[in-house]
Number of protein chains: 2
Amino acid sequence: MEYPTESIKNVVESFSKLPGIGKKTALRLTLYLIQRASHEVDSLANALLALHKNTFRCKNCNNLSDREICNICSDNSRDNGIICVVEEIGDLLAIEKTNTFKGRYHVLGGRISPLEGVGPNQLSINKLLERILNENVQEVILALSTTQEGDTTAFYLSKEILSVNPNILISHIAKGIPSGASLEYTDELTLSRSLIYRSQYSVISPSKT
Amino acid sequence: MEYPTESIKNVVESFSKLPGIGKKTALRLTLYLIQRASHEVDSLANALLALHKNTFRCKNCNNLSDREICNICSDNSRDNGIICVVEEIGDLLAIEKTNTFKGRYHVLGGRISPLEGVGPNQLSINKLLERILNENVQEVILALSTTQEGDTTAFYLSKEILSVNPNILISHIAKGIPSGASLEYTDELTLSRSLIYRSQYSVISPSKT
């Protein structure tokens, strides 16, 4: 397609490299930005320029941070005894949003996926084992995706963790029926897992971690 | 929601000002950009910085251009005798993509909408009338949206155009059943319009303008 100007073409092509944004949406966004005041567009551009410059990986847990050690690792009010292992930063942010967990995290940076060529060495596993050895960790919660790759990663991790500390408690987040779902439309695997991992019924709601 | 760093927050907030992009999508895009090489992010930022600097409105037809007069107005192979009036640049680009029209355009910059406070004075109507007076225009095609506001704008424009040149041909783009649609699921207004604006059946396909 021919664009009215070279600079419009450049913005459309840059936008359409983003996930979930096709050429049509990219053009719509670009035409929208042309109609906005130029300082608004500049502020988006400047925010993007600062993004890589001011964002680092936490040396401890691999979370994103503007310093060497992230906000969560340097927060003394959080529990050092529990590490919640997640695949990506987005998972960490999703758990933080629930306000349910007050321990520390460890971001693997992905999951074991032979199809995508991701093996254990590409993930931040050694650092996790080092933390388990050096910090006083009593429990590791595996909060991985409930896919075959997530399960493979969980199996590999649990073996490695137990080889470093055989007395540690390893748990995984509950697999079951999501809130608001009806049993009739729930897939068989989820339903069968929700029966296997059933909990004792209690009128008192479970305490927060 | 708390973001890991200030610069992540800035990018998320800038992205979520764009149409159709909520906080969740903005965060997903930002986390994606953090994982890309920094020069890729910089090239998006630089494209955005250049956008307003190198984009002007064509002095003749109000199209976007990197010069005073746009590519279409300065293309001598195009027909000076037909002006296709559209609301927005996006409409012009959509028509150009069809490769069906070889005349000139005029971009109004919107449509008459009392609810949104847009009257005839906010649109590029005087410039259009000036062009009809000074250029040798035989036909004006109204390619406006098929909404009540589009119809109002078409009615207003046709009166104004005829007051300037009573002998000009004013046409509008065909209103009817879109390609690939089934009659059963077409709304009543479209169906009734498609009957009113029916054309003579011909085995030869209509010639291109």
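Restricting segment B:72-95 to residues that are within 14 Å of chain A (Cβ to nearest Cβ) and over 19 Å from B:T146 (Cα atoms), which is surrounded by the fewest Cβ atoms within 10 Å (Cβ to Cβ)?
B:D75
Which residue is farthest from the other protein chains (Cβ to nearest Cβ), if the candidates are limited to segment A:18-63 and must be closer than 30 Å to A:N80 by Cβ and buried (at least 19 other Cβ atoms within 10 Å of the Cβ)?
Going through the qualifying residues, I end up with A:N60.
Quick one: count up the residues across segment B:130-144 that are in a loop (DSSP other than H, G, I, E, B) and in contact with a helix residue (DSSP H, G or I) (Cβ under 8 Å, 6 or more places away or on another chain).
Selection size over segment B:130-144: 3.
Would you be able to tell me the number of residues in segment A:18-66 that are among the β-branched types (V, I, T) and touching a residue at least 12 places away in the same chain (Cβ under 8 Å)?
Number of matching residues: 2.
Report those helices (runs of 4 or more DSSP H) wholly inside segment A:1-108 carrying at least 3 residues which are more than 20 Å from B:S16 (Cβ to Cβ) and in contact with a His (Cβ under 7 Å, 6 or more places away or on another chain).
none
In this structure, is B:A154 assigned to a loop (DSSP other than H, G, I, E, B) and either over 22 Å from B:C61 (Cβ atoms) or under 21 Å from the mean Cα position of the chain (by Cα) (or both)?
When the stated conditions are applied, B:A154 does not pass them.
Residues in segment A:124-136 that are of a type outside the set (D, E, K, R), without any contact (Cβ under 8 Å) to a residue 24 or more places away in the chain and surrounded by 12 or more Cβ atoms within 10 Å (Cβ to Cβ): how many?
Residues in segment A:124-136 being of a type outside the set (D, E, K, R), without any contact (Cβ under 8 Å) to a residue 24 or more places away in the chain and surrounded by 12 or more Cβ atoms within 10 Å (Cβ to Cβ): 0 in total.
Can you find a residue that is under 15 Å from B:C84 (Cα atoms) and within 14 Å of chain A (Cβ to nearest Cβ) anywhere in segment B:143-153?
Looking through segment B:143-153, none of the residues is under 15 Å from B:C84 (Cα atoms) and within 14 Å of chain A (Cβ to nearest Cβ).
Is there a residue being over 23 Å from the mean Cα position of the chain (by Cα) and surrounded by 12 or more Cβ atoms within 10 Å (Cβ to Cβ) anywhere in segment B:194-209?
Yes: one or more hits.
State all residues of segment B:109-120 that are assigned to a helix (DSSP H, G or I) and either under 20 Å from B:I161 (Cβ atoms) or at the interface with another protein chain (Cβ under 10 Å from one of its Cβ atoms) (or both); if no residue qualifies, say none.
Answer for segment B:109-120, where residues must be assigned to a helix (DSSP H, G or I) and either under 20 Å from B:I161 (Cβ atoms) or at the interface with another protein chain (Cβ under 10 Å from one of its Cβ atoms) (or both): just B:P120.
What is the number of the single condition among (1) under 23 Å from A:L162 (Cβ atoms); (2) within 19 Å of the chain's Cα centre (by Cα); (3) assigned by TED's automatic domain parsing to the domain that holds A:V164 that A:T98 does not meet?
Only one criterion is unmet by A:T98, namely (1).
Does B:T98 fit the bill of being closer than 26 Å to A:R28 by Cβ and exposed (fewer than 14 other Cβ atoms within 10 Å of the Cβ)?
For B:T98, the condition - closer than 26 Å to A:R28 by Cβ and exposed (fewer than 14 other Cβ atoms within 10 Å of the Cβ) - is met.
Please state which one of B:I132, B:I141 is under 16 Å from the mean Cα position of the chain (by Cα) and in the same structural domain as B:G176 (by TED's automatic domain parsing).
Among B:I132, B:I141, only B:I141 is under 16 Å from the mean Cα position of the chain (by Cα) and in the same structural domain as B:G176 (by TED's automatic domain parsing).
With the structure loaded, tell me whether B:V12 is within 7 Å of chain A (Cβ to nearest Cβ) and at negative phi or whether it fails that test.
When the stated conditions are applied, B:V12 does not pass them.
The values are calculated or read from the model by the stated rules, or taken from the named source; none is laboratory data. The shown structure was predicted, so the numbers you read here are calculated from the model rather than taken from an experiment. Reconstructed Cβ throughout: ideal geometry from the backbone, glycine too, with neighbour counts over all protein chains shown.
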